[in-house]
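> Handing you a structure now.
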Amino acid sequence: MLNEQYTDTYVIKKSIIKDVGRKSIKREKKDWIKISNYHEAIIEKEVFEQIQKQLSHSKIEKEKNVF
């Protein structure tokens, strides 16, 4: 999947460190903080969404061909 920050969205709080010296734990997407219109977009949102759909479709096709 592509990084949503290529659009004009700033994404923070994707992971959390519970204890000092421990590895970070990835948070669920629903808990991420997203700030729209934060910076100039590298790619338009519509193009980003089309690519995301194509990538997810190709991932499904690959999984079907594995079995």
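The values are calculated or read from the model by the stated rules, or taken from the named source; none is laboratory data. Only a predicted model underlies this, so the values are computations on that prediction, with no experimental measurement involved. A quick note on method: Cβ atoms are made from the backbone with ideal geometry, for glycine too, and the neighbour counts reach across all protein chains shown.
> Kindly list, by first and then second residue, each pair from a residue in region 23-35 that is free of Cβ contacts under 8 Å to residues at least 12 places away in the same chain to a residue that is of a type outside the set (Asp, Glu), limited to pairs with Cβ atoms under 7 Å and residues at least 6 apart or on different chains.
Ser24/Ser15; Ser24/Ile16; Ser24/Ile17; Ile25/Ser15; Ile25/Ile16; Ile25/Lys18
> Of everything in region 3-19 that's modelled with pLDDT under 85, out of contact with any Phe, Trp or Tyr (no Cβ under 8 Å at 6 or more places or on another chain) and not polar (S, T, N, Q), which residue is nearest to Gln50 (Cα to Cα)?
It comes out as Lys18.
> Which of the residues spanning region 18-35 are in a loop (DSSP other than H, G, I, E, B) and either among the acidic types (Asp, Glu) or surrounded by 10 or more Cβ atoms within 10 Å (Cβ to Cβ) (or both)?
Asp19, Ser24, Arg27, Glu28, Trp32
> Could you list, in sequence order, the residues of region 37-52 that are surrounded by 10 or more Cβ atoms within 10 Å (Cβ to Cβ) and either touching a strand residue (DSSP E or B) at 6+ places or on another chain (Cβ under 7 Å) or in contact (Cβ under 8 Å) with a residue 24 or more places away in the chain (or both)?
Once the filter is applied, which keeps residues that are surrounded by 10 or more Cβ atoms within 10 Å (Cβ to Cβ) and either touching a strand residue (DSSP E or B) at 6+ places or on another chain (Cβ under 7 Å) or in contact (Cβ under 8 Å) with a residue 24 or more places away in the chain (or both), region 37-52 yields Asn37, Tyr38, His39, Ala41, Ile42, Ile43, Glu44, Lys45, Phe48, Ile51, Gln52.
> Inspect region 8-17 for any residue being in a loop (DSSP other than H, G, I, E, B) and touching a helix residue (DSSP H, G or I) at 6+ places or on another chain (Cβ under 6 Å) and give the result as yes or no.
No, region 8-17 contains no residue that is in a loop (DSSP other than H, G, I, E, B) and touching a helix residue (DSSP H, G or I) at 6+ places or on another chain (Cβ under 6 Å).
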